[in-house]
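Below you'll find the structure, written out as structure tokens, and then a few comments.
The values are calculated or read from the model by the stated rules, or taken from the named source; none is laboratory data. Small disclaimer: the values here were computed from a predicted structure and weren't measured. Every residue, glycine among them, receives a Cβ derived from its backbone with ideal geometry; neighbour counts consider all protein chains shown. Protein only, heavy atoms only, side chains kept; ligands, DNA and RNA dropped before computing areas. Shrake-Rupley method; radii C 1.70, N 1.55, O 1.52, S 1.80 Å.
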Amino acid sequence: MSRTLLIVKPDAAERNLIGHIISRLEKSRYKIVEMKMVRLTEEVTRKFYAVHEGQPFLDDLVAFMTSGPVVPMALEKDNAVEDLRILIGATNPETAACGTIRFEIGKNIEKNSVHASDSDENAAKEIAFFF
Ligand code: CMP
């Protein structure tokens with residue numbers, strides 16, 4: 001078993017899609033081991049996305065992620081990180097594979113409904129960041 005972090009982003013929470021995302025995760029055999037609804041501050045969001053410091057999209061990303069509640073959750077499953085990246089699809093919903101969560105409900109590269117850890121190392125850091 002391994003763990004990863006998923007965040008339901010404000011665009012999905014605002015459209016009442018939290019339950020839908022949880023259902024997709026549970027049907028894909030993920031166990032939710034931690035979960036909460038939080039309103040992120042600018043400071044916390046900048047810390048979380050520190051790896052994107054200097055990127056042209058960072059300010060807009062921070063404004064978006066602080067615009068409404070988000071739902072971080074720690075998920076457990078065999079091969080959790082890699083399988084979740086497959087389940088959510090590419091960062092840009094326009095290029096995400098058919099059937100993935102971002103293909104299904106993502107609006108654009110910023111409002112892409114969910115974040116997921118990209119490696120086991122980052123998953124451990126991101127879970128510790130929120131829980
Ligand atoms: P996420 O997985 O949360 O990681 C960083 C986020 O930055 C990403 O999803 C996108 O929502 C957002 N983003 C906005 N513009 C870009 C871009 N040009 N390239 C990558 N990520 C972007």
**Prompt:** Which far-off residues, 5 or more places away or on another chain, put their amide H under 5 Å from the one on E34, with H placed in the peptide plane?
**Reply:** A74
**Complete:** Of every hundred units of 1.4 Å-probe accessible area on the chain, the number belonging to carbon and sulfur atoms, as a percent, is 51
**Prompt:** Whole-Å semi-axes of the range 33-79's equivalent ellipsoid, largest first, each the root of 5 times a Cα gyration tensor eigenvalue?
**Reply:** 23, 15, 8
**Message:** For H20, project a label point 7 Å along Cα to C-beta. Then give me every residue of the range 106-125 with its amide nitrogen under 19 Å of that point.
**Reply:** 106-116
**Item:** Pairwise centroid distance, computed over Cα atoms, of the range 93-120 with the range 15-74, Å
**Value:** 12
**Cα radius of gyration and Dmax for the range 77-127 (Å)** = 11.1, 30
**Complete:** Per the helix-only model, the chain has a calculated mean residue ellipticity at 222 nm (DSSP H runs of ≥4, -39500 (n - 2.57) each, divided over all residues, rounded to the nearest 500) of -11000 deg cm²/dmol
**Asked** Using unit Cβ charges (K, R positive; D, E negative) and no other charged atoms, how large, in debye to the nearest 20, is the dipole of the range 17-93 about its Cα centre?
**Response** 320
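Quick one: ranking K9, K111, K47, K77 by accessible area, 1.4 Å probe, largest first, what do you get?
Working: K9 10, K111 70, K47 145, K77 35 Å².
Per-residue accessible area, sorted high to low, gives K47, K111, K77, K9.
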**Request:** Could you tell me what fraction of 2.2 N^0.38 Å the Cα radius of gyration of the chain comes to, as a two-decimal ratio?
**Result:** 0.96
**Complete:** Rounded to the nearest 10 Å², the accessible area of M37 using a 1.4 Å probe with every protein chain kept is 120
